[in-house]
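Structure first, then comments.
The values are calculated or read from the model by the stated rules, or taken from the named source; none is laboratory data. In this text, all values refer to a predicted model and were calculated from it rather than measured experimentally. With ideal geometry, Cβ positions are generated from the backbone for all residues, glycine too; neighbour counts draw on all protein chains shown. Accessible surface areas use protein heavy atoms only, side chains included; no ligands, DNA or RNA. Shrake-Rupley method; radii C 1.70, N 1.55, O 1.52, S 1.80 Å.
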Amino acid sequence: MSSMEERDACTEAVAAAMVRIRRRQTRGALAGESRVPPAVFRVLDAVSSLEDATVGALAPALGVDQPRASRLVAQAVSEGWLERVADQHDGRRAVLRPTALGDRILSEAHRRRATATAAAMADWTERERAEFTRLLSRFVDAMDAAEATPPGS
């Protein structure tokens with residue numbers, strides 16, 4: 001097998017593994033039994049990681065358009081998982097925050113995620129875990145950089 005064929009095979013294997021991970025998350029395997037639809041759970045998760053969580057900031061973080069983000073936020077607010085709070089710097093602007101229930105759902109999901117990750121690597125050596133961490137972080141950073149760079153730049 002040539003170097004190019006090997007590289008293409010590796011690229012395909014990584015892409016296939018990413019699809020499997022995404023499917024697990026879409027099925028709610030990491031969200032737990034909270035009865036939060038996967039798309040709305042992604043909203044909760046994104047809000048908890050954004051410093052300035054507004055619908056405008058949430059849409060690109062989720063990879064959806066603003067109307068879709070607005071509908072997902074409205075669903076999360078109506079279910080009591082998120083709340084809109086007036087921005088302290090601009091009272092006309094609403095910032096999104098998880099409610100106490102939303103925080104519990106996120107905490108449970110993060111615990112489940114950590115447990116599932118630890119179980120998947122339970123028989124790995126410390127060196128293997130460190131190398132995987134390094135490479136996965138490098139991979140995600142490169143994906144983020146590629147997404148942030150306009151085509152043809």
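Only one entry in ALA57, ALA46 is in contact with a Leu (Cβ under 8 Å, 6 or more places away or on another chain) and touching a residue at least 12 places away in the same chain (Cβ under 8 Å), namely ALA46. Does ALA17 satisfy the criteria of being in contact with a strand residue (DSSP E or B) (Cβ under 6 Å, 6 or more places away or on another chain) and at pLDDT 90 or above? No. Restricting the search to the range 113-127, which residues are touching a Leu at 6+ places or on another chain (Cβ under 7 Å) and of a type in the set (D, E, K, R)? Of everything in the range 113-127, just one residue is touching a Leu at 6+ places or on another chain (Cβ under 7 Å) and of a type in the set (D, E, K, R), namely ARG113. The residue of the range 45-79 that is farthest from ARG35 (Cα to Cα), among those that are among the polar types (S, T, N, Q) and in contact with a helix residue (DSSP H, G or I) (Cβ under 9 Å, 6 or more places away or on another chain), is GLN66. Of the residues making up the range 40-52, those that are open to solvent by less than 30 Å² (accessible area, probe 1.4 Å) and at pLDDT below 90 are VAL40, PHE41.
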